[in-house]
Amino acid sequence: MSPVCRKDRVWAGVYASGLVMSGQDELPAGIPIGGRLALWRTRRGLTRSELADRAGIPAVHIEQWESGADWVDRHGPLAALAAALRLDPGLLTGQPYPAVGSKHASVRAVAFQLRRQLSQRQATDDGPEPADNFAHRVRVAVAAEEAGDEYLLARGLPGLIRAADRTAANAPGFRTDDLWVRAQVLAAGLLRRLGYRDLAGMFLHRARSAGAEAGPVVAEETRLLIDLGLPVPALARADRAGEAGSYAELTTLTAFAEAMAGRSLRAAQLLSEAALRAEDERSIATTTAARAVVALEYGAPEEAAEHARAVDLSVLRPSERVHLLRAASAAAARLGDIGSAIEALAEADAAAPLRFRLDPFARELVVALSTRTGGGDRHDALRVLTERIGLG
């Protein structure tokens, strides 16, 4: 069997299992993960001890999450709970979130536009998009993605995908073009972050249709598997990357999946090796930021905070900065430094508002900290964030 066929069988199994889904349910958006956990545990007819046994998590942690005494800030425990309850993790995080404000509403609407485009037969009579025009569209979308500007990215995606499909319909060989593949990956990434993982999977399937093992495709597939709570398949996907395995981001994603699977030593080793290879300011900053994020995932907030302090934020793209600042905030909160935790959240929100506000763990942290500030300026700052996110 060819490598392409093997990959298609893997993803077909994921789709058939029902794991790729939007995560939407009827529960109110403001319920934190612990509250949703209690509701779903009750629906499944499980006691805390029974859920603890299934998930491999101490019952005391489940009690703390459900009571609000603690909060969930790691993919690993979330994945274990979702698997034990036979759920998509999105049903515990509440994704996709109800729109708050016109920009969020516009971004959500793009998901429905893209779904409709997938179901329609592409007209060919308009002819292909001029090469320069299409390349410009892709550059604009990539810049928006790197800036963490979900609104700008969403505005351009429907036209970008239409142009890609129109060109491919007139010139089938265009589907092997790097720009066509990149357009599909950009759409998949936005849809995944919004919580429409079924659509994200469809666009990744299109990106793989030419059989190319492009680094961005493998990386986005790995992210999707991580968000689905499947670290072992994520590691297998990265391991099968072939030539795309040299794609720098795959090392970070592999380390994160290892940490998520409970293999902290292997995760730390991978990033230590990456740090030795880092030479310029940007590679040093991104590797150090990854070490902070991964350390938080394997439950070492002191280490995460230390790495986060060592990062030159000015070197990171806004999308990367948001990811690091959320980890830095979570680490500070775990260490009892509530002031620094709130400052990092506010800075993340300023860097890329929608990217920050649609992150389930950022939302969880805002809710958790809002109950731990008492009054004063800290409480006011969190109140503003809570209202912006739509949890107030």
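Nothing charged except the Cβ atoms of Lys and Arg (+1) and of Asp and Glu (-1): what's the magnitude of the dipole of the chain about its Cα centre? Round to the nearest 20 debye.
Result for the chain is approximately 1160 debye, rounded to the nearest 20.
Per-residue accessible area for Glu306 at 1.4 Å probe radius, Å² rounded to 10?
110
Percent of Cα-Cα pairs per 5 Å bin, from 0 to the last occupied bin, for the stretch 219-366, please list those.
2, 11, 19, 22, 22, 16, 7, 1, 0, 0
In nm, give the distance between the simple-model label positions of Arg54 and Gln269, each being 7 Å from the Cα along the Cα-to-Cβ direction.
The answer from the label model is 3.4 nm.
Just the number please: accessible area per residue for the chain, 1.4 Å probe, all protein chains included, in Å². Mind showing how you got there, number by number?
On the way: 16930 Å² over 392 residues.
Each residue of the chain exposes 43 Å² on average to a 1.4 Å probe.
Of the accessible area of the stretch 214-284, with the probe set at 1.4 angstrom, what percent is carbon plus sulfur? Please list the in-between numbers first.
On the way: 1780 of 3230 Å².
Of the solvent-accessible surface of the stretch 214-284, carbon and sulfur hold 55 percent.
Which value, in Å² rounded to 10, gives the accessible area of Thr93 with a 1.4 Å probe and all protein chains present?
Looks like 10 Å² after rounding.
What value, in deg cm²/dmol to 500, does the helix sum -39500 (n - 2.57) over DSSP H runs of n ≥ 4 give at 222 nm once divided by the residues of the chain? Let's see the in-between values first.
Values: 22 runs with 277 residues, N = 392.
Rounded to the nearest 500, it is -22000 deg cm²/dmol.
Sticking with the crude label model, points 7 Å out along Cα→Cβ, report the distance from Ser119 to Ile284 in nm, one decimal please.
5.3
At 1.4 Å probe size, with the rest of the protein present, what percent of the exposed accessible area of the stretch 30-76 is carbon and sulfur atoms?
Summing carbon and sulfur atoms, their accessible area is 49 percent of the total for the stretch 30-76.
Give me the number: length gained by fully extending Ser314 to Ala135, i.e. 0.36 nm times residue separation minus the C-alpha to C-alpha distance, one decimal in nm. Each step should come with its number before you reach the end.
Working: separation 179, 0.36 × 179 = 64.44 nm, distance 2.78 nm.
Gain on stretching Ser314 to Ala135: 61.7 nm.
Just to verify a number: what accessible area does Ile31 come out at with the full protein assembly present, 1.4 Å probe, Å² rounded to tens?
Answer for Ile31: close to 40 Å² accessible.
Sorted by accessible area (1.4 Å probe), largest first, how do Met260, Met202 line up?
Largest to smallest exposure gives the sequence Met202, Met260.
Report the residues of the stretch 31-68 in range of a label on Arg86: point 7 Å along Cα→C-beta, backbone N strictly under 20 Å from it.
36-57
Quick one: length gained pulling Asp239 to Phe112 fully straight, 0.36 nm per residue minus the C-alpha distance?
Here the segment from Asp239 to Phe112 would lengthen by 42.4 nm.
Taking 7 Å along the Cα-to-C-beta vector as the label spot, tell me the Arg43-Thr371 distance in nanometres, rounded to one decimal.
Distance between label points: 2.1 nm.
For the chain, just the Cα atoms, rotate onto the principal axes and tell me the three extents in Å, largest first.
63, 50, 44
The values are calculated or read from the model by the stated rules, or taken from the named source; none is laboratory data. Note that the structure is a prediction, hence the values are computed from the model and not measured. Quick reminder, even Gly has a Cβ in these numbers, built from the backbone with ideal geometry, and neighbours come from all protein chains shown. Please note that ligands, DNA and RNA were not included when accessible areas were found on the heavy atoms of the full protein model with its side chains. Shrake-Rupley method; radii C 1.70, N 1.55, O 1.52, S 1.80 Å.
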